[in-house]
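Have a look at the structure below, then the notes.
What follows draws every value from the coordinates through simple rules; no lab data is involved. None of the values given here were measured: they were computed from a predicted structure. Quick reminder, even Gly has a Cβ in these numbers, built from the backbone with ideal geometry, and neighbours come from all protein chains shown.
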Ligand SMILES: [Zn+2]
């Protein structure tokens with residue numbers, strides 16, 4: 001056994017580096033399920049590698065050589081089926097199992113990482129679904145990179161799997177009602193042989209298209225900011241995101257939906273980026289999108305942010321707390337453009353694994369909720385203002 | 001009219017039907033209140049369900065109900081969301097073909113806040129011509145956003161029922177023609193006592209839940225309806241819609257608990273399970289539709305090559321799982337049981353599950369073959 005360096009955090013978390021992969025545990029004694037997550041870092045992938053990783057995730061959705069997804073679906077211990085998602089600089093795989101079933105969950109997850117089904121037929125199906133591209137303006141807005149050819153073949157997919165699915169890139173996390181070190185031990189005994197490193201080979205670039213139009217009549221404009229790394233800044237960004245655009249008593253609802261131009265969908269979110277969580281804002285509507293109009297909308301949004309009061313902050317704090325596993329069905333955190341972080345143990349395990357992978361620090365949702373109470377209206381106004389004033393604008397007109 | 005009879009039967013006396021964890025009561029106004037205590041839950045879900053009986057969309061009013069939902073959700077004082085969100089609460093409002101449902105899940109101590117919001121929503125309607133125009137524009141944007149599978153679902157219903165079972169999203173041009181009076185009348189019909197079901201489910205004792213539900217139901221508009229009836233239709237037909245690699249097939253069904261409905265639902269769930277498709281199935285009194293959306297690929301072809309006996313096992317498992325998921329969580333449980341009660345007092349998830357258990361291979365095979373032929377078309 002390798003050396004174990006332990007860090008006990010907030011009384012309920014354990015992080016260890018068993019040999020070379022990272023493992024953290026978030027003990028949640030009252031939870032009814034266990035969430036298990038693996039984040040595989042994919043630092044600076046080439047463009048074709050990014051396309052191949054998406055295809056790999058598609059293959060992994062069909063299961064592993066030990067457990068196909070159909071077989072997993074029939075297991076009574078499974079609470080939610082494995083999800084495989086490609087984000088900015090990582091692949092995330094997670095599932096949740098019933099209380100007491102950490103060993104079973106770790107075995108399924110381990111098999112997915114080290115024995116995915118990568119064969120010609122599975123690759124072909126996954127490629128075809130990638131080529132269809134984003135079907136809705138939402139995913140097109142947040143991820144306008146579309147791959148337009150199918151030169152992503154079996155060899156390329158296997159190459160990226162061997163290249164990135166290495167213990168040193170792997171950040172495991174478990175959250176749930178288990179004993180300290182139980183999940184760590186479960187993973188240690190479940191983990192199979194890692195794939196051999198690939199031989200050096202030269203592959204051609206994937207062809208890709210940066211979408212310049214939405215796939216439907218609904219267009220959108222989005223703003224994105226640089227990521228926040230410090231835990232307090234992440235908490236503040238989450239609150240700013242809620243005050244701006246989660247729910248109805250929000251800036252975007254007042255200014256955009258109730259304003260002069262009709263729009264049904266306006267949203268804000270935080271997504272993992274290279275070093276932390278980046279804030280995003282999006283407005284969706286039909287009809288022409290003129291840059292001058294967007295500039296006016298941005299001014300109106302800024303004017304509304306200036307009217308925020310302690311009541312705005314209190315509402316955001318309540319929505320954040322409840323959105324992470326209570327009475328509110330959403331929270332600002334997303335894994336990628338199509339998958340919300342969610343709530344409960346699946347969210348907690350994904351959040352802690354992502355934080356260690358992207359910023360090297362353990363931050364749990366529980367800590368985040370505590371930090372969200374130590375802030376001021378001015379702090380969250382500053383973050384919101386920065387997103388609206390300095391965020392990168394992306395415009396995707398409707399067809 | 002089956003429902004006409006029920007209203008007469010339950011009209012002017014209070015009838016309580018209880019088992020250990022559930023209680024249903026019909027109030028003198030005709031409203032049904034229902035409470036269920038769900039062990040191990042921390043939240044309680046409060047819901048109002050208005051039956052569309054006598055209030056269904058017609059070709060001339062297509063989408064008025066959807067507009068009504070948008071306006072009611074704002075509340076008579078137009079502050080529903082403000083009051084709820086500051087408490088971390090969320091109002092879900094949904095319009096289906098046969099019901100309109102409002103739901104808030106809260107901690108037991110927050111129930112009074114939700115009750116006040118629901119009472120305000122039922123108290124009347126704040127509708128001005130300007131607001132109607134604005135909401136019609138917003139609904140136009142909402143419709144433009146619907147997914148391809150949702151579009152196929154809408155199209156399958158149209159093929160099956162023509163103009164008789166109109167899509168609840170509506171027609172934005174017609175929605176803009178609604179008047180404040182037409183909407184106020186619609187609200188009174190849709191949520192009058194005889195059409196109203198209030199459910200309180202989850203972390204609550206049944207007798208307390210019933211009291212909370214009664215406080216909400218007391219705000220229902222009185223409506224001197226002579227008789228509220230469902231529209232009658234001619235015979236529907238099976239339907240199939242394709243675009244790109246995605247195809248939706250739908251087969252009309254009758255009442256929720258009829259053996260044929262159970263068989264067709266099981267066949268659709270089996271297909272969805274085997275081919276990773278999506279099922280759409282809303283319980284109805286009659287004139288329903290079970291549809292499944294799948295991709296034209298090897299997996300779907302392989303799904304159809306299963307024997308009916310093997311498919312029946314998958315269908316049973318998937319249906320049971322789906323139903324179990326619905327009835328073990330406060331919000332889903334209230335939504336399902338409330339909509340079932342809006343059709344008939346004897347409609348229960350357990351009745352449907354019994355039907356799933358008793359389903360014969362011959363009945364299932366017939367349904368399975370119907371879907372297979374429809375897919376092969
Ligand atoms: Zn709507």
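The figures follow:
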item: Per-residue average of Cβ from other chains inside 10 Å of B:134-141; result: 4
item: Principal semi-axes in Å for the stretch A:218-396 [√(5λ), Cα gyration tensor, largest first]; result: 26, 17, 15
item: Estimated [θ] at 222 nm from DSSP helical runs (n ≥ 4, -39500 (n - 2.57)) normalised by residues in the protein assembly as shown, nearest 500; result: -13500 deg cm²/dmol
item: Volume per residue that the Cα convex hull of chain A spans, once the total is divided by residue count, Å³; result: 133 Å³
item: For the stretch B:239-376: Kirkwood Rh in Å [reciprocal of mean 1/r, alpha carbons]; result: 15.0 Å
item: Where only C-alpha atoms are counted, convex hull volume of the stretch A:27-134 per residue in Å³; result: 117 Å³
item: Rule-of-thumb Rg ratio for the stretch A:162-223 [Cα; 2.2 N^0.38 Å; N residues]; result: 1.99
item: Prolate/oblate/rounded call for the stretch B:89-128, Cα gyration tensor, a/c under 1.5 rounded; result: oblate
item: log₁₀ of I(q)/I(0) at q = 0.18 Å⁻¹ - the stretch B:302-367, Debye sum with one point per alpha carbon; result: -0.74
item: FRET efficiency estimate (nearest 0.05) - Cβ-Cβ, residue A:181 to residue A:99, R0 22 angstrom; result: 0.80
item: Normalised per residue, the volume of the convex hull around the Cα set of the stretch B:2-217 (Å³); result: 141 Å³
item: Cα extents of the protein assembly as shown along the three principal axes, largest first (Å); result: 80, 66, 52
item: Cα Rg over Rh - chain B, Kirkwood; result: 0.97
item: Part-to-part distance (alpha-carbon centres) for the stretch A:333-360 and the stretch A:364-399, which is given in Å; result: 17 Å
item: Residue order, fewest to most beta carbons within 10 Å, for A:264, A:181; result: A:181, A:264
item: The stretch A:217-271 - Debye-derived log10 I(q)/I(0), Cα point model, q = 0.27 Å⁻¹; result: -1.10
item: Cα-only Debye scattering, the stretch B:155-248: base-10 log of I(q)/I(0) at q = 0.13 Å⁻¹; result: -0.78
item: Calculated on alpha-carbon atoms, Rg and Dmax of the stretch A:4-210 in Å; result: 17.6, 51
item: Residue A:361-residue B:328 FRET efficiency (beta carbon distance; Förster radius 45 Å; 0.05 resolution); result: 0.75
